[in-house]
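Accompanying notes for the structure given below.
The values are calculated or read from the model by the stated rules, or taken from the named source; none is laboratory data. Because the structure is a prediction, the values reported are computed rather than measured. Neighbour counts run over all protein chains shown; Cβ positions are idealised from the backbone, glycine included. Side chains included, ligands, DNA and RNA excluded: accessible areas come from the protein's heavy atoms. Shrake-Rupley method; radii C 1.70, N 1.55, O 1.52, S 1.80 Å.
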Amino acid sequence: MGYLNGFKVTFARLFEDRVTTEFPAEKRPKPVRFHGRHVLNRHEDGMEKCIGCELCAGVCPAKCIHVRGADNPLADPVSPGERYGFVYEINYLRCIHCDLCVEACPTEAITESKILEFSFTNRDDAIYTKDELVVDDEGRPRHQPWELWMEGEDEHLSGWMRATAPSGAAAFEGRVGWSGDLGHGVRSPERGQTGSEELDGDVENEPEAGR
Amino acid sequence: MTEEPQVVPDEVAAESSSGVPDHGVPSSGEGRQLALHPTAEGYLDLIERLYDEGYVMCVDLLGVDYLGHPDRKLPEGVAAGRFEVVVNLLDLEGHRRVRVRVQLPENDPRLPTLTGLHPGTEAMERETYDMFGVVFEGHPDLTRILLPEDWEGHPLRKDFSLGRIPVQFKNPVQGGDR
Amino acid sequence: MLGDPLFRNGVDWGDFAVMGVKVVVAFALLLVATMFMVWFERKFIADMQNRIGPNVAGPWGILQTFADGVKFFFKEDLRPANADPLVFRLAPYISAVTAFLAFSIVPIGGVFRDGGGETGTVTLFGKVTYLQVADPPIGILLLLAVSSIAVYGVMLAGWSSGSKYPLLGSVRASAQAISYEAALGMSVVAVVMLAGSLSTHDITAGQAGGVRTWYVLSAGIVPFVIFLIAATAEMNRPPFDLVEAEQELVGGFHTEYSSIRFALFFLAEFMNVVTMSAIMVTLFFGGPAGPVLFGMTWFWPTVWFFAKVLVFLAMFIWFRATLPRLRYDQLMNLGWKVLIPLALGWLLVRATILQVDEGTIDPVIAIIVGILAAGACFLLFTAALGAGDRAYERDQALQEERERSR
Amino acid sequence: MSIASREVSARLAAGESVLRMSEAEAEVVEGVIDPEDETMIMNMGPQHPSTHGVLRILLELNGENVLRSKPIIGYLHTGMEKTAESLTYVQGATNVTRMDYASPLFNELAFSLAVEELLGIEIPERATWIRMMMTELNRMASHLLFLASNGMDLGAVGMMLYGWKEREEILRFFETVTGLRMNHNYIRPGGVAADLPDGWEDGVARILVALPKRLEEFDTLMTGQPIWRDRTQGVGLITTPEAVALGATGPILRSTGAAWDLRRDEPYLAYDQVDFDVVVGTYGDTFDRYAIRLNEIRESMRIVEQCLELMPSGDYRTQDPKVTPPPRARIDESMEALIHHFKIFTEGFHVPEGEAYAAVESPRGELGCYIVSDGSPKPLRMHIRAPSFVNLQTVPHMLTGGMIADAVAIISSVDPIMGEVDR
């Protein structure tokens, strides 16, 4: 009886695990590569990584990033370079989290955290300025009142794109190309195709320079 | 209605990739990117002939506005027009594709409709009309399709003026100019 | 006269008090059961779909229905400009009131004993009475009548909304009602025939002799199956919820309703589910019959009754979780071409068996006449179907003609 | 019977089943009640539970029977083709991925293939296989979404949740690979944005292990369900010549018995190196279209299995320095790398002048991308041949003679994604 077979299926489902997570109370773990709201990182010595080059603003397809660079004050430099990001704003009403800014950033200053649970009630809150974006003195993203944070969510800022090299060259996979982050230091990148054993040593068959 | 799936012998596919068939019109590209360039007058005739040759499905029909890029590469004997209508035809049995590119003048671009032969072009022609203002004569229902019926202008034309609203930033003096 | 022993020795004020208590209790019970049903449906179907379901209002979300009710109450009551004001306002009440009425004939308790004597009674305030609001001698007829009136609520709601989707919903409702009412009635007749009475109390009493005497078995399983299907259709429950058909008619008859009026429809629908389950238990599953385990003899039958009802509630939810919706014409086909002939045929068969058992007719004659009658029926039936098909084709041809001449 | 005929074209062109009525006219007619006229004009959508977003269908009804109809679209039109003209090829993928939001990777793939065709570059083998595996997984996700919504539209509410649940598993895998559940910006001109993450084999294997049992459940719940068959079989019939004339591709064309699948007939990526069957129907009805999609999930699983086995190692993006930015580690070492990095992310890469069309077999049919380049880093014209847009034209022809309930089933079986229709 074809009419009745379906009842077995629905009945069997009664005894399966529920897949729903009770969202505000509990979040499911997010993968390492997750694209959340951005953070501006700082070097281990507390200097800002952003050098105000505006590459992120240039590549942004949604035109949601606004950067202005300024010369570093000699007495109290903000970044190790000649210039630093004087104005840095992201309009999250436009951001599409495509991660092109992260790929474009030559200093890994901007990365994406795993916070996606942020909802604002006015347009002002949606525009994050440097005050909100730069990590705090312990290297954590700053917790805004309208963001829902869970324990340990600030642990992994998105470092994967840096580790796996946007060039797509297998030889560079797993090769760390950045300095340590404030509070996090140098974290181990993904293993990639080459496997873990080759991670720490020099990469063999390095492609010739001059690319 | 039962029908055997059309199994196409390999040799047909092999044959199609070699050589450019002569249709009496200039051609460019090769293989899957083969394009024929008829005149607006010879357009319908060419499509008819291609239909008989087996290009029975009209996959796509679109317009292009070449304003600001007039000196493009075109085969000998084809005079560039501002607009171009590109028709993408597919031969399901021979596994061949051909594009038909028709040059249209800036003033009053019009073409005969393909809907009599390829009824599926109805929506595509409406879209091309909507976006470029190319008129397809004989089309049963040449009205705007994506835009509201009372819209003015044809937005995919290069000279369609786009409005713009500056992205809001907290530092608007510097942010507004992008 | 009324079967309730309460009124046998004249009527005094005490009887009225008992009556009042019964009405209030039954009303409250039905409301609570409906509330429970709404919650249970959502929770149970959530389980079948690997979801959690309501879980915020109260423990396990059990107060969800209350929360919804309160919300409905405070919503704006909208009425479309085209709607017929009077009928539009009246319709939800027709639905809700009839849903209450139908429940009043269901015996929800009382100890039923096999064999004579006063049976199915309890003693309230020193008065001997049945545990049902009313026991009219025409109980089942009343049920059928009331459930037909309920359709008016749906029909008028759709018609009066002055909107196209509800209109289609109400057309579907009326068509559905006439095709399933017949099958429903026919399947009940088998039970009535065995019980020899239309009174629900008598029907329940007839099944007091243990599981074997339950009409689901003694009437054959067929009337029960037909009743189940027809009742599902009558209540507009999936897979027969064409009247609402969210995916087709957006909400059908109640598309334009909001606020408390919508809540009344909603309530009526779920109340009908409870009532129909109760009726099914009464007709086919012995009503409150069941073993009395310990103490409190009047208490156990009620427990059994609600336990049985619960099974049917779960069943209706299970239907909803599993089956796709039928199409309008398929629903008609099922009603007219399958259920009604089947119910009629089974009724004849069962009646014959009854007569043979009582020794009124000779089995051989019965079988021969039966075969002849079945053949005649079959011929008549196919002829009728053929005539119907031809009429339909003619109609189509006419339609096409008109289309062409347009 | 041949696959196309002029007679069929002429008949369809006459458009007997299409309601030729403008929106303004419809508004007037809607309000008029003419007792002589037994027909009724009804709007289905743009806000309707089963029009899959914002499709609006104008129905001419006789009672519940549909006489003529006309799909009205454009409610989701956001001018993406115009937007594409102001985005570089680097940014382009973020734009196209939003068109068919149920299978975003296919949009990116078609766009990338067209750009690569113009660039004349070969992409590394690993990139090809990653693309193939990811798009096949995406096809599974998209078809599961179809099963869910198809079940829902026919009243099988449970099916909606069941389909979504399985789709969710695939989306979670996408999340680990691309960082996003949809609109990935993962497949780009030149390769893919990132290599597969550590442990991706387990993720894929988990999906492949769990799904067959589920598909069997769907078979019991729907395919074998007589009510389901009654609702879908013989509903929304279309023949091969009709489908060809109307330009319908994908499951609609295949349901009529024409075995046309770009993966087999015009192999792109590495489809000529994997083993799979093209699923075809016989009757061209709603049931066939449902069954084709259900079984295409099985075929996709076969392909993914082979990808899992044959996945080569190596680069996953073309090593052409003009197209692909240099490795991050090189920026600090080489001035030239830094310049390339800046050029690519600000200006983008230049694409040789010309025009190219690339087509892929998306879950809904032929998804093509036509790009005209004037030699600058931004396309002069980018056009997406959206399968849903073309397939929608079959709807009036399939609806005629059916009932409202059939209309819902048929629209659902065409599986239009409005983001793609309106672009």
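Select from region B:99-119 the residues that are touching a Phe, Trp or Tyr at 6+ places or on another chain (Cβ under 6 Å) and open to solvent by less than 10 Å² (accessible area, probe 1.4 Å) and write down the one among them that is nearest to B:Pro38 (Cα to Cα).
Out of the qualifying residues, it is B:Val102.
Being surrounded by 23 or more Cβ atoms within 10 Å (Cβ to Cβ), at pLDDT below 90 and more than 10 Å from chain A (Cβ to nearest Cβ) is the requirement here; does D:Gly354 meet it? Step through it out loud before you land on a result.
On the way: surrounded by 23 or more Cβ atoms within 10 Å (Cβ to Cβ): no; at pLDDT below 90: yes; more than 10 Å from chain A (Cβ to nearest Cβ): yes.
It is false that D:Gly354 is surrounded by 23 or more Cβ atoms within 10 Å (Cβ to Cβ), at pLDDT below 90 and more than 10 Å from chain A (Cβ to nearest Cβ).
Inside region A:88-135, can you point out the residues that are acidic (Asp, Glu) and within 21 Å of A:Val32 (Cα to Cα)?
First, the residues of region A:88-135 that are acidic (Asp, Glu): A:89, A:99, A:103, A:108, A:112, A:117, A:124-125, A:131-132.
Of everything in region A:88-135, those that are acidic (Asp, Glu) and within 21 Å of A:Val32 (Cα to Cα) turn out to be A:Asp99, A:Glu103, A:Glu108, A:Glu112, A:Glu117.
Here are some conditions: (1) part of a strand (DSSP E or B); (2) charged (D, E, K, R); (3) within 28 Å of D:Ser22 (Cβ to Cβ). B:Arg97 meets all but one. Which one does it not meet?
The failed condition is (3).
Do we find that D:Val115 is crowded, with 24+ Cβ neighbours inside 10 Å, assigned to a helix (DSSP H, G or I) and of a type in the set (Val, Ile, Thr) in this structure? Explain how you work it out, then say what you get.
On the way: crowded, with 24+ Cβ neighbours inside 10 Å: yes; assigned to a helix (DSSP H, G or I): yes; of a type in the set (Val, Ile, Thr): yes.
When the stated conditions are applied, D:Val115 passes them.
Could you check how many residues of region D:344-402 are assigned to a strand (DSSP E or B) and at positive phi? Full working, then the answer.
Going through region D:344-402, the residues assigned to a strand (DSSP E or B) turn out to be D:354-362, D:365-373, D:379-385.
Now restrict to residues that are at positive phi: D:354, D:365.
Summing the residues that are assigned to a strand (DSSP E or B) and at positive phi in region D:344-402 gives 2.
If D:Ile121 meets every condition in (1) surrounded by fewer than 24 Cβ atoms within 10 Å (Cβ to Cβ); (2) in contact (Cβ under 8 Å) with a residue 60 or more places away in the chain; (3) in a helix (DSSP H, G or I) apart from one, which number is that one?
(3)
Please go through region B:84-109 and pick out each residue that is within 17 Å of B:Leu156 (Cα to Cα) and in contact (Cβ under 8 Å) with a residue 60 or more places away in the chain. Before you say what the answer is, go through the steps one by one.
Restricting attention to region B:84-109, the residues satisfying the condition of being within 17 Å of B:Leu156 (Cα to Cα) are B:84-86, B:103-109.
Listed by number, the residues that qualify are B:Gln103, B:Leu104.
Considering every residue within region C:189-196, establish whether at least one is under 20 Å from the mean Cα position of the chain (by Cα) and under 15 Å from C:Ser277 (Cα atoms).
Scanning region C:189-196 turns up no residue that is under 20 Å from the mean Cα position of the chain (by Cα) and under 15 Å from C:Ser277 (Cα atoms).
Have a look at D:Leu196, D:Leu147, D:Leu221, D:Leu154 and point out the one that is open to solvent by less than 20 Å² (accessible area, probe 1.4 Å) and at pLDDT 90 or above. Spell out how you get there, then give the answer.
Details: D:Leu196 fails: at pLDDT 90 or above; D:Leu221 fails: at pLDDT 90 or above; D:Leu154 fails: at pLDDT 90 or above.
After applying the criteria, what remains is D:Leu147.
For region B:18-50, give me each residue that is in contact with a His (Cβ under 9 Å, 6 or more places away or on another chain), open to solvent by 20 Å² or more (accessible area, probe 1.4 Å) and not β-branched (Val, Ile, Thr). Steps first, please.
Residues of region B:18-50 that are in contact with a His (Cβ under 9 Å, 6 or more places away or on another chain), as a first pass: B:25-28, B:36, B:38, B:46-47, B:49-50.
With the extra rule that they be open to solvent by 20 Å² or more (accessible area, probe 1.4 Å), the set shrinks to B:25-28, B:49.
Selection gives B:Pro26, B:Ser27, B:Ser28, B:Arg49.
Sort through C:Ala343, C:Ala321, C:Ala278, C:Ala268 and tell me the only one that's open to solvent by less than 10 Å² (accessible area, probe 1.4 Å), at pLDDT 85 or above, within 14 Å of chain D (Cβ to nearest Cβ) and in a helix (DSSP H, G or I).
Values: C:Ala343 fails: within 14 Å of chain D (Cβ to nearest Cβ); C:Ala278 fails: within 14 Å of chain D (Cβ to nearest Cβ); C:Ala268 fails: within 14 Å of chain D (Cβ to nearest Cβ).
Result of the check over C:Ala343, C:Ala321, C:Ala278, C:Ala268: C:Ala321.
So, in region D:86-113, of the ones that are facing another protein chain (nearest Cβ under 10 Å) and β-branched (Val, Ile, Thr), which residue ends up nearest to D:Val54 (Cα to Cα)? Walk me through it before giving the result.
As a first pass, look at region D:86-113 and keep what is facing another protein chain (nearest Cβ under 10 Å): D:86-88, D:90-95, D:97-98.
Going one step further and asking which of them are β-branched (Val, Ile, Thr), we end up with D:88, D:90, D:94, D:97.
Details: D:Thr88: 30, D:Val90: 30, D:Thr94: 23, D:Thr97: 19 Å.
So the residue we want is D:Thr97.
Exactly one of (1) surrounded by 14 or more Cβ atoms within 10 Å (Cβ to Cβ); (2) farther than 24 Å from C:Phe316 by Cα; (3) modelled with pLDDT of 85 or more is unmet by C:Phe74. Its number?
With respect to (1) surrounded by 14 or more Cβ atoms within 10 Å (Cβ to Cβ); (2) farther than 24 Å from C:Phe316 by Cα; (3) modelled with pLDDT of 85 or more, C:Phe74 is out only on (1).
Residue by residue, here is whether (1) in contact (Cβ under 8 Å) with a residue 40 or more places away in the chain; (2) at the interface with chain B (Cβ under 10 Å from one of its Cβ atoms) holds:
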| site | (1), (2) |
| --- | --- |
| D:Arg263 | yes, no |
| D:Glu266 | yes, yes |
| D:Val278 | no, yes |
| D:Arg289 | yes, no |
| D:Ile292 | yes, no |
| D:Arg302 | no, no |
| D:Gln306 | no, no |
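Could you grab me the full set of residues in region D:62-85 that are more than 9 Å from chain B (Cβ to nearest Cβ), among the charged types (D, E, K, R) and open to solvent by less than 20 Å² (accessible area, probe 1.4 Å)?
Listed by number, the list holds a single entry, D:Glu64.
Which one of these does B:Leu92 not meet: (1) more than 16 Å from B:Thr39 (Cα to Cα); (2) more than 9 Å from every other protein chain (Cβ to nearest Cβ); (3) not basic (Lys, Arg)?
Going through (1) more than 16 Å from B:Thr39 (Cα to Cα); (2) more than 9 Å from every other protein chain (Cβ to nearest Cβ); (3) not basic (Lys, Arg) one by one, B:Leu92 breaks only (2).
For region C:166-208, which positions are outside any helix (DSSP H, G or I) and open to solvent by 30 Å² or more (accessible area, probe 1.4 Å)?
Taking region C:166-208 first, the residues outside any helix (DSSP H, G or I) are C:196-199, C:206-208.
Selection gives C:Gly196, C:Leu198, C:Gly206.
Using the structure shown, decide if D:Val372 is at pLDDT 90 or above and touching a Phe, Trp or Tyr at 6+ places or on another chain (Cβ under 9 Å). It would help to see each step written out before you state the result.
Numbers: at pLDDT 90 or above: yes; touching a Phe, Trp or Tyr at 6+ places or on another chain (Cβ under 9 Å): yes.
Yes.
Checking B:Asp130 against (1) more than 19 Å from D:Leu246 (Cα to Cα); (2) part of a loop (DSSP other than H, G, I, E, B); (3) more than 7 Å from chain D (Cβ to nearest Cβ), only one condition comes out false. Which one?
(2)
Out of (1) surrounded by 24 or more Cβ atoms within 10 Å (Cβ to Cβ); (2) in a helix (DSSP H, G or I), the odd one out for D:Leu294 is which?
(1)
With respect to A:Phe7, determine if the residue is over 30 Å from A:Arg191 (Cβ atoms), surrounded by 13 or more Cβ atoms within 10 Å (Cβ to Cβ), modelled with pLDDT of 80 or more and of a type outside the set (D, E, K, R).
The answer is yes for A:Phe7.
Would you pick out the residues in region A:108-124 that are farther than 21 Å from A:Glu151 by Cβ and at the interface with another protein chain (Cβ under 9 Å from one of its Cβ atoms)?
As a first pass, look at region A:108-124 and keep what is farther than 21 Å from A:Glu151 by Cβ: A:108-110, A:120-124.
The answer is A:Glu108, A:Arg123, A:Asp124.
Would you call C:Phe253 over 26 Å from C:Val189 (Cα atoms), in contact with a Ser or Thr (Cβ under 6 Å, 6 or more places away or on another chain) and either open to solvent by less than 30 Å² (accessible area, probe 1.4 Å) or not in a loop (DSSP other than H, G, I, E, B) (or both)?
Values: over 26 Å from C:Val189 (Cα atoms): yes; in contact with a Ser or Thr (Cβ under 6 Å, 6 or more places away or on another chain): yes; either open to solvent by less than 30 Å² (accessible area, probe 1.4 Å) or not in a loop (DSSP other than H, G, I, E, B) (or both): yes.
Yes, satisfied.
If a residue has to be crowded, with 21+ Cβ neighbours inside 10 Å, within 19 Å of C:Leu78 (Cα to Cα) and either touching a strand residue (DSSP E or B) at 6+ places or on another chain (Cβ under 6 Å) or small (Gly, Ala, Ser) (or both) to count, how many in region C:148-165 make the cut?
5
Just checking, which of A:Arg94, A:Arg18 is among the charged types (D, E, K, R), over 18 Å from the mean Cα position of the chain (by Cα), within 14 Å of chain D (Cβ to nearest Cβ) and surrounded by fewer than 24 Cβ atoms within 10 Å (Cβ to Cβ)?
Working: A:Arg94 fails: over 18 Å from the mean Cα position of the chain (by Cα).
One residue alone meets the criteria, A:Arg18.
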